[in-house]
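Below is one structure, written out as structure tokens, with a few remarks after it.
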Amino acid sequence: MSDFKRDGSHLVSCAPVQKWDDWVELDAQSWPKRVEKHYQLVPTICFNCESACGLLAYINKATGEIDKFEGNPKHPASRGRLCAKGPATINQIHDPDRILYPMKRSGPRGSGKWTRTSWPEVLEEFGGRIRRAIQQGRGNEVMYHVGRPGHDFIMDRTLQAWGIDGHNSHTNVCSSSARLGYLLWHYADRPSPDHANARFILLLSAHLESGHYFNPHAQRIIEGKMAGAKLAVMDPRLSNTASMADYWLPTYPGTESAVLLAMAKVILDENRFDAPFVKNWTNWQDLEIDGFTAKGQSFESAIEALRKHYAGFTPQFAEKESGVKAEVIVQIAREIAAAGSRFASHLWRGSASGNLGGWQTARALTLLHVLTGSVGTEGGHNLNAWNKFVPKPFSVPPAQKQWNELLYPREWPLCTHEMSFLLPHFLKEGRGRVDAYFTRVFNPVWTYPDGFSWIEMLRDEDKIGLHAALTPTWNETAWFADYVLPMGFSSERHDLMSQESYAGQWIGFRQPVKRVLRERAGERFEYTYQANPGEVWEEDEFWINLSWAIDPDGAMGIRQYFESPYRPGQKLTLDEYYGWMFEHSVPGLPEAASKEDLTPLEYMRKYGAFEVTRDVYKQNEKPLPAAMLAGAEVAFDGTISKDGKPVGVMIGDEAAVGYNTPSRKLELFSKTMADWNWGAFALPEYYRSHIHQGAQAVSLGEPSEDFDARYAPAVVWPDDAQGEIYTLLPIFRLPNLIHTRSGNAKFLYEISHKNPLWINPSDARKLGGVRTGDLMKVHTEIGYFVLHAWVTEGLAPGVVACSHHLGRWRVNQDEQIERMSSAWVDLKEIGKGKWKMRQLQSVKPYETDDPDTNRIWWGDAGVHQNITFPVHPDPVSGMHCWHQMVRVEKAGPDDRYGDIFVDTNLSFAVYQRWKALARPGPGPGGLRRPLWIPRAVRPDESAYYIEK
Ligand code: SF4
């Protein structure tokens, strides 16, 4: 009791590491008695978003159970702090509805009939099927499709060991447009803003409260603000982030790059740009614009050509497009210029993922960094690759020699990631089939647009031969699988993660905390599912064992990558896989461990994270090693090439490594865009999105000079679509929900369980006097959904909004799916491709071992809007353009809350109209896509060429 003082001076924000083996707290339930609880604290990594914050599992010494999760103060990115979703891990692991054993379908697909099966049976069935596919030359019929990865490299290694091109991801419904805009500048497809040291921060959408790298970024944005940085937020919605800002810029959706280019124009015209940086580090000598060729010309003449090129982007023009006042645009441009190299920004989804041409927003935003010289600087815009560390394992298989056109089809040669949301449409067109399909922490029926097309695909055994859903929670997609395989949450699995969340490199180690603790006490487990609840497993061990099942005797050359580096011919354990990397591939870790008399693995198991370096700025300025200069050639623009490949760049008399682009500089002018049929977009540009007001007029048959139909498809309204036209913003996040995985987190659903339609009061009047709570019908191009209105000043006029995350549903009443977060629905196909859903019962209290399920007081699960959206593949980036042009009206007498109707025949027609805008490869030299542009699980170079 001596640690507990009456004056509270014993209170600390985080348990200090020296007390982790016996941390003592008073039991709140026993108050007013002072009863001690003794804990052992074991670190792991949160799995509830991409940020990979450090958790500490509080394991009750008396029961051996995890009582709670708090932040790990030794984690360099999250520094002991968490958002609401981190501690809610406790709900997920104790969820009474969770899947505890591997399940096999025992009725027709989608019938909801399951029987328990065993892990050996699962391994045998999939191992045999995959082996046959590979041996028969059908390796590309094996597909792994991931929602939340939560690890680095291990799946690339696994699929390449199998020799297949089978990695599919969710990225093209998430971030691939922003990625294209960034990578065209500097190869790195993500920014790593140094918010903490910035003087001016510009956020496009709600990064402070819910965005990418949410908690690690939020704390550093606040640090920057407390040190005097100004914050501007560009978002049509008055988010909590915008409410914390010095400037809120409620742009009309899709017009953000017009505003950014107007700011660039101000900086150029007023000579506020960093001329030495632009001269040294951009490829201005490659400019070919408006009849001007920079080769052989002066830098000043190139700047003049740029000024002329952007002459039309006056602040007044930007105001007309966006609604943001011209004088505010000018003022912010000047403040950004004054911040100079300490200007930080972030864009990830929002404008980029909502709009046709959204990738231009990232291109235009990075132009501001280039003009201010804030690329790679303290307080500026750094490159993700500089702030992320991925250690190499003990052996790396060769790149696969195959190319899977279901993933990277010819129509979108510049897409940054797999065209994953078009899989049902590709299979409908007869482009192939999938024999063995793994969905992993992935729920496309619910998260993707056009979910009914996914259901049609998943239930068709000719299209999907065998489907296993690897998932920690029940979900709408798993319902249509053949196997449902329970995978662990944050405290039940191994993964190694690193993210570019601040100016430094670190690794974080997720671990199954109860197994770790019991092994510390001398117990031994062959597999993690033996220490987890039920038979919940982890993917790492699953893939190792599946690889052995595919290649049991090693004859296929697969098994060698899953054998121990220490015990030849024996099956690899995860202690060996991670232990080897920590010993050999993480600079500084062995030394740090040995100072404490620990092995590197013991060190990572003890602390859960390690900071590799803080030396991350200006990596482009590193000198090119002398050996690289021997026999190299220098082009007119300073690019140094060796054996035909660019390797560095001359800056004055010095040879530097530069950026990983063809010119080794920041590519102001993208020759790649010009070479691949998009010459009009070789520079950062603005073009009007598919939801622009001009496009809305065209959809009603009115000509519009404001709209360029070369880049946007026609909208064809269904016959019954009535009401006023609006732009629907469907992708903003609620800070405390996690896509599908929050479905069993009672703390989180208690906070958020509604997704009403946001409507500005002026629009509410226009729509006939709509009031909060009124039932509204929202028509998309393929159907409709019905939900309540929320009339609010927190949204720009002309736009309506509905949050992502809610509207979960289940087709049976009481079993096997999270009842606290889903509505029981009647799902009917009333004609070919015509789907109707009506809620039969929403959330209500229910009896389980957890008394809280009987205390559920909310009665709403929200409305599933995504399923009523058609696919909108951007013709350049391939990203699904999420914003919808919709028609909004008051619901009729036959409409009920949560009603949904979709016609997948119409959705297929929309797909075809968007596909027609793409400009297919091959490109120069018969290439499928440019060799220099990154690709997930990159194949061998030979696979990049289309065979004649
Ligand atoms: S930001 Fe929140 S959900 Fe994401 S990893 Fe950190 S604690 Fe978990």
**Message:** Could you tell me how many of the residues in the stretch 782-826 are assigned to a strand (DSSP E or B) and either under 25 Å from the mean Cα position of the chain (by Cα) or under 30 Å from T251 (Cβ atoms) (or both)?
**Reply:** 16
**Asked** Just to be sure, is K642 charged (D, E, K, R) and without any contact (Cβ under 8 Å) to a residue 24 or more places away in the chain?
**Response** yes
**Residue identified as in a helix (DSSP H, G or I), of a type in the set (D, E, K, R) and farther than 26 Å from Y687 by Cα among D894, D852** = D852
**Condition met for F707 (at pLDDT below 90, among the aromatic types (F, W, Y) and in a loop (DSSP other than H, G, I, E, B))** = yes
**Extreme residue, farthest from the chain's Cα centre (by Cα), among residues of the stretch 577-611 that are on the phi > 0 side of the Ramachandran plot and among the small types (G, A, S)** = G588
**Message:** Could you check the stretch 333-357 and list, in sequence order, the residues that are touching a strand residue (DSSP E or B) at 6+ places or on another chain (Cβ under 6 Å) and in a helix (DSSP H, G or I)?
**Reply:** E335, I336, A339, G350, S351
**Prompt:** Hey, S301 hits all of (1) of a type in the set (G, A, S); (2) at positive phi; (3) surrounded by fewer than 19 Cβ atoms within 10 Å (Cβ to Cβ); (4) not in a loop (DSSP other than H, G, I, E, B) but one; which does it fall short on?
**Reply:** (2)
**Request:** Could you please tell me which pairs satisfy a Cβ distance under 6 Å, a separation of 6+ or placement on different chains, a first residue in the stretch 107-125 that is part of a helix (DSSP H, G or I), and a second residue that is surrounded by 12 or more Cβ atoms within 10 Å (Cβ to Cβ) and aliphatic (A, V, I, L, M)?
**Result:** L123/L546; L123/A549
**Asked** Taking interchain pairs and intrachain pairs at least six residues apart, which have beta carbon atoms under 9 angstrom, with the first residue in the stretch 75-97 and within 25 Å of P845 (Cα to Cα) and the second within 8 Å of the ligand (Cβ to nearest atom) and among the aromatic types (F, W, Y)?
**Response** K85/F214; T89/F47; Q92/F47
**Request:** Filter the stretch 898-943 down to residues that are buried (at least 21 other Cβ atoms within 10 Å of the Cβ), of a type outside the set (A, V, I, L, M, F, W, C) and in a helix (DSSP H, G or I), then give me how many there are.
**Result:** 3
**Asked** helices (runs of 4 or more DSSP H) wholly in the stretch 517-616 with at least 2 residues that are in contact with a Gly (Cβ under 6 Å, 6 or more places away or on another chain), more than 30 Å from N382 (Cα to Cα) and at pLDDT 95 or above - which ones?
**Response** 539-550
**Complete:** Per the list (1) within 15 Å of Q865 (Cα to Cα); (2) surrounded by fewer than 17 Cβ atoms within 10 Å (Cβ to Cβ), residue check on A789 breaks on (2)
**Item:** Top-ranked residue in the stretch 121-136 [being touching a helix residue (DSSP H, G or I) at 6+ places or on another chain (Cβ under 8 Å) and of a type outside the set (F, W, Y); ranked as surrounded by the most Cβ atoms within 10 Å (Cβ to Cβ)]
**Value:** I130
**Residues satisfying the stated conditions in the stretch 836-850, i.e. under 23 Å from H779 (Cα atoms) and in contact (Cβ under 8 Å) with a residue 60 or more places away in the chain** = K836, M837, R838, Q839
**Message:** Let me spell it out: the conditions are (1) closer than 20 Å to E685 by Cα; (2) part of a loop (DSSP other than H, G, I, E, B), and K295 meets all of them except one. Which number is the exception?
**Reply:** (1)
**Message:** If V330 satisfies all but one of (1) buried (at least 21 other Cβ atoms within 10 Å of the Cβ); (2) hydrophobic (A, V, I, L, M, F, W, C); (3) farther than 25 Å from I651 by Cα, what's the number of the condition it fails?
**Reply:** (1)
**Prompt:** Quick one: is S177 part of a helix (DSSP H, G or I), away from the ligand (no atom under 16 Å from the Cβ), under 22 Å from the mean Cα position of the chain (by Cα) and more than 28 Å from S498 (Cβ to Cβ)?
**Reply:** no
**Message:** If I go through the stretch 52-106 residue by residue, how many of them are within 21 Å of V516 (Cβ to Cβ), buried (at least 19 other Cβ atoms within 10 Å of the Cβ) and acidic (D, E)?
**Reply:** 1
**Message:** Anything in the stretch 731-767 that is part of a loop (DSSP other than H, G, I, E, B) and more than 15 Å from the ligand (Cβ to nearest atom)? List them, or say none.
**Reply:** I731, F732, H753, K754, N755, P756, N760, L767
**Asked** Only one of these conditions is not met by H38: (1) outside any loop (DSSP other than H, G, I, E, B); (2) within 30 Å of V390 (Cα to Cα). Which number is it?
**Response** (2)
**Prompt:** Is at least one residue of the stretch 137-148 at pLDDT below 95 and within 16 Å of the ligand (Cβ to nearest atom)?
**Reply:** yes
**Request:** Any chance you could count how many residues in the stretch 716-730 are in contact (Cβ under 8 Å) with a residue 12 or more places away in the chain, farther than 17 Å from G694 by Cα and either assigned to a loop (DSSP other than H, G, I, E, B) or within 16 Å of the chain's Cα centre (by Cα) (or both)?
**Result:** 6
**Item:** Selection within the stretch 645-665 - assigned to a loop (DSSP other than H, G, I, E, B) and surrounded by fewer than 18 Cβ atoms within 10 Å (Cβ to Cβ)
**Value:** G652, D653, N660
**Request:** Look at K104 and say whether it is in contact (Cβ under 8 Å) with a residue 40 or more places away in the chain, more than 26 Å from H38 (Cβ to Cβ), within 16 Å of the ligand (Cβ to nearest atom) and in contact with a strand residue (DSSP E or B) (Cβ under 6 Å, 6 or more places away or on another chain).
**Result:** no
**Prompt:** Taking the stated definitions as given, is N240 of a type outside the set (D, E) and at pLDDT 95 or above?
**Reply:** no
**Request:** Six or more apart or on different chains, Cβ under 6 Å: which pairs go from a residue in the stretch 204-221 that's on the phi > 0 side of the Ramachandran plot to one that's more than 10 Å from the ligand (Cβ to nearest atom)? Could you list them?
**Result:** S205/D235; S205/G350
**Item:** Count of the stretch 41-100 residues which are assigned to a loop (DSSP other than H, G, I, E, B) and near the ligand (Cβ under 10 Å from one of its atoms)
**Value:** 19
**Message:** Out of everything in the stretch 464-492 that is farther than 22 Å from G127 by Cα and among the charged types (D, E, K, R), what residue ends up being surrounded by the fewest Cβ atoms within 10 Å (Cβ to Cβ)?
**Reply:** E476
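The values are calculated or read from the model by the stated rules, or taken from the named source; none is laboratory data. None of these values were measured; they are calculated from a predicted model. When we count neighbours, we look across all protein chains shown, and the Cβ atoms used for this are built from the backbone with ideal geometry, even at glycine.
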